[in-house]
Structure formats: C-alpha cells, structure tokens
Amino acid sequence: GGVAIGRTTAPPVVAAAPAPSADAMVLTGGGDPGVSMTATVSPAAGWVRLRATVVGVPAGERCRLVVVAADGRREVAGSWLVSPTGWRDGVTLDGSALVAPDQVTAVVVENEAGHEFAVAQT
C-alpha cells in the first residue's frame, strides 16, 4: 500500500457575466474620434449596476466611469488605467452607482482631468 500526495491542476473556471435583467437599459455613445462605449445599466433597489465596454481611449489614460443623475449629480461607478492594448481591444468594466434607476440621464467616460472621451445618454 501507499499514499499519493499531490495536487491536480485544471484550467481556471471563468464565470460568465450574468445576463442583464429585462428592465436593463443599453446605452451607446461616443465623443472623441475613434472612441465608443456601450453601457448596460441594470436597476437595483435605489441604485444601478453597470457594465460598460469602452474602445479607443488612448493607452495610459486614467479613466472613470461616471453615472449622471437628472439633478446633475455625478457618481463614479468605477475607474481604470487604459492598458497598451486596451485602446484597441477595448476595456470592459463592471461597476455600480448610487443613482436611482429612473434618475439616470447619462453614462460618461472621462479622465482625471475631466476630459470626456465618450457620453451615452438615455
């Protein structure tokens, strides 16, 4: 008899993103030449979840995903640094914002200096 000790390796499990709810809004927009964004805004209890894909923002930019409310309030839903390939291949970001679903008027991609690369309005 004997004992076998070791580990089994398997490929990592990649969880698929949940499908957007039936009452989700899909917004598309652009701004600067070559920049585009698609944002899915899903309602929650008094706030929203977001999944945004952004293409064309220059590498090295420090970006924020911002949700704009009807009263002009701006809530940051996430931030990222555009990678050397992110400008070309795009970046997908998940986030959330404390804005009531019926108060969302826009989703904006901007840098730390406030330059808006893309805007998607409701």
(request) Please work out the Cα center distance from the stretch 82-116 to the stretch 34-72, rounded to the nearest Å. (result) 3 Å
(message) Amide H of G78 versus every other amide H placed in the peptide plane: which residues, excluding those fewer than 5 positions away on the same chain, fall under 5 Å?
(response) L65
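Rule-based calculations on the coordinates, nothing more; no lab input. If you're wondering where the values come from, they're calculated on a predicted model, not measured in any experiment.
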